[in-house]
1. Out of (1) under 35 Å from the mean Cα position of the chain (by Cα); (2) surrounded by fewer than 19 Cβ atoms within 10 Å (Cβ to Cβ); (3) within 19 Å of GLY326 (Cα to Cα), the odd one out for VAL376 is which?
2. Please give the number of the condition VAL251 fails out of (1) over 27 Å from TYR315 (Cα atoms); (2) assigned to a loop (DSSP other than H, G, I, E, B).
3. Hey, can you tell me all the residues within region 266-276 that are free of Cβ contacts under 8 Å to residues at least 24 places away in the same chain and either surrounded by 23 or more Cβ atoms within 10 Å (Cβ to Cβ) or not in a loop (DSSP other than H, G, I, E, B) (or both)?
4. Quick test of your reading of the structure: ARG127 fulfils all but one of (1) out of contact with any strand residue (DSSP E or B) (no Cβ under 6 Å at 6 or more places or on another chain); (2) at pLDDT below 95; (3) not acidic (Asp, Glu). Name the failing condition by number.
5. Name, by its number, the condition in (1) surrounded by fewer than 16 Cβ atoms within 10 Å (Cβ to Cβ); (2) assigned to a helix (DSSP H, G or I) that does not hold for ARG63.
6. For region 136-154, what are the residues that are farther than 16 Å from VAL188 by Cα and in contact with a Lys or Arg (Cβ under 9 Å, 6 or more places away or on another chain)?
7. Mind checking which residues of region 159-217 are farther than 18 Å from PHE101 by Cβ, within 35 Å of the chain's Cα centre (by Cα) and either aliphatic (A, V, I, L, M) or part of a helix (DSSP H, G or I) (or both)?
Amino acid sequence: MKSTRPKVLHEIAGRSLLGHVLHALSALSAKEIRVVVGSGKDEVIAHLKEITPKALPIYQEVRGGTGHAVRIALKDGATKGTVMVCAGDTPLLTGKSLQEFLDSHRDSGAVATVLTTEMPDPFGYGRIIRDLDGAILKIVEEKDASEIEKEVSEINSGVFLFDLSALIDALTRITTANAQKEEYLTDVIGILKSDGKKVAAYCIEDFTEILGINDRSQLADCAALMRDRINQALMMSGVSIQDPLTTWVDVSAEIDADVTLLMGSSISGQTKIATGATIGPRTTLIDTVVAKDAQVVESFCRDSKIGTKAVVGPYSHLRNGTVLAGESKVGSFVEMKNATLGTGSKVPHLSYVGDATIGAESNIGAATVFVNYDGVEKHHTTVGDHVRIGSDSMLVAPVTIGDGAYTAAGSVITEDVPPGAMGIGRSRQVNILGWVLRKRKGSKSAAAAEKKGIHE
């Protein structure tokens, strides 16, 4: 991956590659999950504890191949039962496919079953070699395959089911006599076959489910496939998506029926969107709750709550802790942070509202700034109900504007304004007559003034 981050911790659709695999496995209700960890041990183990606390990490100090990884994973564990082996970089695997795979294994009576698929371009994958009757003979890795074997399109997914006791015995007999000088788990299939034991294969139709990731290009390819899968499911559930190719939704997001997602929408984290809401175009929601019939247009919102029939945007920025009540409005080029906007209140345009509480049915005039930071600490501003803040006002926190109060345009408000009062915080205007004629003599401005009969 050419990354300082361990490969399995890279994310698509809001979940790590390892997280996707473990999520798929959760459908099987396994008695125990063991995860072999190599590169980036500390980061991977910390992440594993966060997403699947019951999983047991096993550190593979020496990279000895897949067979070696499985062998150390089984150490001091159970010796009987059924064990499934999966790779940690196959995020498109589904719980449904794994359950069908398990059912097939149990029905077949085999001691080992390989999950396979027909790959349009099998380069890089181990090939499934069958006999004339179609029974599986062995698995040959790409680097060890003959030219004839490389023509086989059925490939090994890296997902296996084994009778545990048979697997433990076979692992003691694998060698490193191969191109990689590693213990191949795939050699177990040939060993079990030579022992006269039944080995089966279960071929899934959708080859994309087993796609592994080794570089950023493959990461992007799998992300696009996951995007398509998520969007298809959403549309089938009643969500309208204007342009599925430019709409990205995390697996953790919750979107109700009759929501409309317009082109360029990005819905991530724990975002929840209620029925009737319209999102986009070109809107990003992160960990944001959007209530019924709200609209968010060309805006960026993080860790915020948007009330019923509220309108946001275009070009709004809602930061952490912003709460908009029902039927409120945050308009063009407005930024809000840790602020509450009451029912029916409006911040129409060109304003900053930080660390504030605004009551119901109030209007914040254009270019208003809630001055919340003194260079050391943040301070709170309270604006009551039915307040009118004049354009270009500076509300210097901590300050309270009482119910029904006004502030004059262009005011710097440093003291509380009582309910029903007009707050004026600006210098008296002074006109210096003849200034242009004296200071800008010969200019177009001076000429215009002279045309009006103005002289020094």
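The values are calculated or read from the model by the stated rules, or taken from the named source; none is laboratory data. Being a predicted model, the structure only gives us computed values, none of them experimental. Here the Cβ positions follow ideal geometry from the backbone for every residue, glycine too, while neighbour counts run over all protein chains shown.
1. Of the numbered conditions (1) under 35 Å from the mean Cα position of the chain (by Cα); (2) surrounded by fewer than 19 Cβ atoms within 10 Å (Cβ to Cβ); (3) within 19 Å of GLY326 (Cα to Cα), the odd one out for VAL376 is (3).
2. (1)
3. Across region 266-276, the qualifying residues are SER266, ILE267, THR271, LYS272, ILE273.
4. Going through the list (1) out of contact with any strand residue (DSSP E or B) (no Cβ under 6 Å at 6 or more places or on another chain); (2) at pLDDT below 95; (3) not acidic (Asp, Glu), ARG127 breaks only (1).
5. (2)
6. GLU142, ALA145, GLU149, LYS150, GLU151, VAL152, SER153, GLU154
7. Selection gives ILE213, ARG216, SER217.
Residues checked against (1) surrounded by fewer than 21 Cβ atoms within 10 Å (Cβ to Cβ); (2) part of a helix (DSSP H, G or I); (3) in contact with a His (Cβ under 9 Å, 6 or more places away or on another chain):
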site: ALA24; (1), (2), (3): no, yes, no
site: GLU50; (1), (2), (3): yes, yes, no
site: LYS54; (1), (2), (3): yes, no, no
site: PHE101; (1), (2), (3): no, yes, no
